[in-house]
1. Mind giving me the nanometre distance, one decimal, between the label points for residue 326 and residue 58, set 7 Å out from Cα along Cα→Cβ?
2. Tell me, in nm to one decimal, what length is gained between residue 596 and residue 11 on full extension, where the rule is 0.36 nm per residue of separation less the Cα-Cα distance?
3. May I ask you to derive the FRET efficiency for residue 311 and residue 412 from their Cβ-Cβ distance with R0 = 30 Å, giving the value to the nearest 0.05?
4. Report, in cubic angstrom per residue, the convex hull volume of the C-alpha atoms of region 634-782.
5. Points 7 angstrom from Cα along the Cβ direction at residue 388 and residue 614: gap in nanometres?
6. Determine the gain in length on full extension of the stretch residue 796-residue 27; use 0.36 nm per residue of separation and subtract their C-alpha separation, reporting nm with one decimal.
7. More than 17 angstrom separation, counting every C-alpha pair in region 770-818; what % is that?
8. Over region 729-841, give the accessible area per residue in Å² for a 1.4 Å probe, as an integer.
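The values are calculated or read from the model by the stated rules, or taken from the named source; none is laboratory data. This structure is a prediction, so every number in the text was calculated from the model and none was measured. Here the Cβ is made from the backbone with ideal geometry for all residues, glycine too, and neighbour counts use every protein chain on show. The accessibility values were calculated without ligands, DNA or RNA, using every heavy atom of the protein model including side chains. Shrake-Rupley method; radii C 1.70, N 1.55, O 1.52, S 1.80 Å.
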Amino acid sequence: MPSYQPWCHGNITRSKAEDLLSKAARDGSFLIRDSESIQGAYALCVLYQNCVYTYRILPNEDKKLSVQASDGVPIRFFSMLPELVEAYYSTNMGLVTHLQYPVQREEESEEEPEAFNLPPQLPPRNFAANDVKEYDPKSSEQACKSLTDTYLMRLQHMDLSSVPEEHLLAIQEYFRTSICSDAEQVQNGYPTLPGLKKLTMAICKNLNSEITRILPALEIFHRVFEQQLSLGTGYYPRQMSGDSGQFVSFRLEQLTKLLYSIEDKAKSTVSESVGHDGGHRKSLIPTVTFEVKQESLGISTKMFLKVDVESGKLYFKKSKDGPEDKYFVHNKILQLVKSQKMHAKLAISVETEKEKILRKEFVFENAKKREGFCQLLQQMKNKHSEKTEPDMITVFVGTWNMGNAGCPHNINSWFQCKGQGKTQDDTADQIPHDFYVIGTQEDPLGEREWSDTVKGVLRNITNISFKQVAIHTLWNIRIIVLAKPEHENRISHVFSDSVKTGIANTLGNKGAVGVSFMFNRTSFGFVNSHLTSGSEKKIRRNQNYINILRFLNLGDKKLNPFDITHQFTHLFWLGDLNYRVELPSTEAEYMVTKIKQQQYQELLSKDQLSMERNDGKVFLHFAEEEITFAPTYRFERDTREKYAYTKAKATGTKYNLPSWCDRVLRKSYPLVHVGCQAYGCTNDIMTSDHSPVFASFQVGVASQFVSKQDLNSATQGGIQIMNSVATLLTKSKTKFFIEYHSSCLEKTVKTSEGENTEHSEGSIKVWFGNQVQLTPIICDPEYLLDQHILICVKSTDSDESYGEGCVALRAAQFCYTEFQITLTHHGEKTGTLTGGIQLHTSEGKTTEKLYDFIKVEKDDTVAPKGKGGDSNKCSVTQAHDISNPNYMGVSFQKGNVIDKGWSYSMPPKNNPVTGQGSKEPRKVGHDASTCSITNPTGEGEQKSEMFDNPLYGSMGKSHSRGKDQDHQQKDQLIPADPFFKQADGDLDRPPLPTPRNRSFTCSETKPQPQPPTPLTLLPSVYKKPVVPSRSEGGMGPNRPPLPSKSRPGVPEPQITKPRDYRESSELQSKLRPPARPAQPQQQKDMYAEVPKLGRSVK
C-alpha cells in the first residue's frame, strides 16, 4: 500500500478506524486499512449517517484490485489503490455514498527515536562485493580492482609474523584474482564462492584430513549413548566423514555439534547412574518436621508433624525425637482444609484403620510454614498417585533485565523464590517445579551459554537435568522453557515467535518473544516483552502491548480469528514492561523513605500499569498477584540499598524514579485451576540495575483422554447454546454471525445471520436465534467438563472479528446455566455476549483432582472487606463452607483483578462435608434440563446473624439489582434482568426447568412462537426454595419449616441473599403466607428428592 497517500492507514485496528471516522463526523469521510481477515486485502471504511460501512478490497490472481460493493453493480478492476479511490469519488458506484473526505493518518509518537543505554549488538555484516545492489557493466572491472586494492592494503597493515608463508601467498593470490570471480558468481545468482572454498580447503588441508580421521570414532561414541538413552534425538543419523568436498566451516560445525551432544549425553548418563537425574520419582526430597500446636478442650499441646515424601507417610509425634509409631500413609490422608480466618491454621482429614474419618486441627508457626507443609503433602500425593498422567503441575516464571552485564556465580535464590514479597518456605526448597520459564532482557550472553547456566543451577538445586523445550531470542530479549525429563513425551506443538516494537517497529531493541506448546490436552503460552522505556511514554507502551497481541504468531493456526489472549488455556506474560510510578521527580526522596518503611500501597496507587489496567487499556482480564516487594528498578549496581534515580545526560538530568518495571501477569480460561504460590524479587543478585522477579504457580491440566466406554453403546451427548444476545460497541452497519471453536468439536460451527436492533449511542444489539446444537466428539463427562468453547462474533461483509470470548462447559455440569462474557478484540473490550448453555453427557465417573486435595474453609461469619480482586468476593458463605477459589478462577490476591470477563449463574461446587474425604469418584450422567437456574455467585452481602430462612425475608430485598450493587461487585457480570422472569410473591414453588423466553432484542413485529406463559407459572429464579428435611417429611404443604438452628439432621444451609417477599414482608416474623392450592403435585414429588444431596438446590 503506498504510504504517502493520506487515506492509507496501514495495519490499524478496526476500532481505531471507527474512532477516526467518528471524529471526522462528515458523511463521505473514508479511509483504507489492511484487512484483518485476508492477507493482502484491504478494507474501505466509509462514514454515512453516523454509521461506518466496511467494504473489502480484494486482489485477484493478476493482482488487480476490486471492491465488494452492492449487488447488481458491475465489478471494476484497478491496478493501484489511488486509481480505485479516484474512481469511487464518483456517485452510483455501489457504495452507501461516494467518497468525499479522506481521513488523515494520525501522527504517531512512537516514531520518535528512543535513546537506550547501550546500542544492541547488530548482526555482523558481510563486507563483500554484493553490498552493491546494482552493477554497471562498464564499471564492474573498476569495482573489482577497487576490491582487490582495498583488501591487499588491509593485509599489509596487519602483523603477519605468525602466518605460514604458504598460507599468506594463498590469501594474497585470492585477493588478486579469485575475489573478482566470486563477485561475478554472486552477481549472476550463484552464491557458492568457489574461490573462497578453494582457499579454505588449501589452508585447512591438514585440519580437513584430521576431521575425516576422527569423525568415525566420535560417531560410534555418540551412538553408544544414543542407544543407551533411547532418546532417538541424535544429530547425525548418517555417516558424515565421506564428503571431503564440503565446506570446512560446515564440517567444523558438525563436529562442534557432535561434541556438544556427546558431552550432554555423557553428563546425563553419569548423573543418572549416581541418582542425580530421573525426574519426579527419583529426585530425593528429604524428610521435614514441622512444630505445630493442637488445641483440645481449650488446652494447647505442642505436636510435631513429620513428612516423608519418599515413603508416602505422615507421622504424628508428641516430641521431636519421639517414637514414630503413629502415622498415616498417603492414601489415608483425605483432605487438607485451610482456615481463611487464621492463616496458620490447618485441618487434616484422615481415615483410620476402622474406616472412620478423623479431623485434626493444627496451628503452624506462621502461614508460610503451613504453605510449605501443604506443598509437601501435595507432592507426596502426586508422587504416589495411581494415575498415569498428572492433573496439576507447577510452573516457575522468572524475569530479569540483566542490564547488559554478565551473570553472577550464584543465582539460586531466584529459582528458589527467596527474597522479598510472597516467598516460599525453606521446607519447599527441594520441591522441583515441572516447568521453568525464564525471560531475560538486555541479555549479553549467547543462547548456549545461558541455557547451560540455567540448567546447571537447576541441576544443583533439584538434582534433575531439565530438558530444553524451546529457546527464542530477539536481539537481547530471550525466553527459555525447561521441563522435567518425565514430561518429554507429554509436550507437543511447540512454537516460538518474536515481534519488534523498537523505533518504527523495525528495531528489536524493544519487543517480545514468545513460546507456546501443548501439555497433553492443555495449551500454554508464554510471552517475554521489553516495552518502551521512559516515564512519559505510557501511551507508547500501551501500543507496544497491542502490537504484540496482534502480530505474535503462536499456537493453533486454526484459531487465527483469536489473539493470544484467547488461544491458550493458560497464558503468562512476563518481562520488563517499563511502566513507572507516576509521581513528580521532586517526590523521589519521599518515595525512597516509603520503600524503606515497606509502605508500598501509596506508591502502588500511582503505578502506571495498575492504572492502565483499571481503565481497561492494557492486559484486560489478566490477573497479577498482590505486590508486597520493593520496586525492582532502578538500583545502583552491586548493592540493593540505594536507588539511582537520577541520570546525567547531555540534555539535562533525567529521573528514573523507583518503579515496579518487572512484572508477571497471567490469564486463564474460565473455571480452570490456577493459584499463585510465590511472587517477589531477590535481594542478593546485584549485577544489574534491575532485581530478578520470580513467580510460582499451581496449574490444573487435562490429561490425554481414553474413553472406557463402548463408542457404539455410549449415549449421544450434546451442547446446546441458546438465546445468545451480543451487545457490540461499534458503529458499523453490517450483519453478524457467531463462530464456535473447540478441540471437542469436529469442525467450526457457524450460526445464521443475527438480527440487529438499535441500542445505546455507539453500540448495537444482535439477537442470534433460539438455539445452536454442538456435537462433541466424546461425550464422557471426564473429558467434556474440561473443555471450553471459544466464541467469535464476525461480520458477514468483511468476515472480520468484532469480539471474542470463552465459555467453560464445566459451568453447565449440573444444570442449564446462564452466562455473560465480555467480548474483546486485540486487547480492547468490544462488547458483551449473554446466553444460556446446557450440557448432555453420557454416564461416567469423574475422578478427584489433585488440586481438590486442598480446600479453603471460609470460616468468616461476616463478609470480609476485600478489594476488587479478592477471592472472598466470589460468594458470601457461612462457617465451614469449603471450596477451592482457585478452581473457580479467582485467586487470593487483593485489588489487582477488577473484571474476569465472565460470570455464570451456576450452583456452588458440591464439596464433601468437612471431615469427610471423598474417596470414590462420583458417577455422573445427566440431562441438564432437569436442573434449575441458580442465582449467580456474588449476590448481595448479609449480616452474620441472618439465616437462610423466609421468616427473616423482610430484612432485605433481592428482586432487583441497583447500580450500587453492580459497582460493589466488579468481579461479577450478572445477566440482565430480562433473562430472569419470575412471579412476585410466588414463594413456595420450586424453580421449573423451562428454557428462557426469547430475548428482548428481537423485533416487536415478529410473532412469538407460543403464547406468553402466565405470570403464575414462571419460575422464581432468584428465590431459593425451602427444602423440607427428612424429619419434616410428614409436614403438610402449608406448614412453614422450622428455623434453621432447630432443624435436625440437615447441614446448615449456605447464607444467600435475603429474599424479597414483597407484600408478605410486613407480616410478623412468625407468619408466612400459605402455599398456593394450584401448585402441581409433580413439582412436590420432584423436589422431595433434593434433601438426599445434603444441600438445597437453587
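1. Distance between the two pseudo-spin positions: 7.8 nm.
2. 206.0 nm
3. Plugging the Cβ-Cβ distance into 1/(1 + (r/R0)^6) gives 0.65.
4. Enclosed volume per residue, from the Cα hull, is 249 Å³.
5. 5.2
6. Values: separation 769, 0.36 × 769 = 276.84 nm, distance 2.30 nm.
Full extension of this stretch gives 274.5 nm more.
7. 48
8. The answer is 30 Å² per residue.
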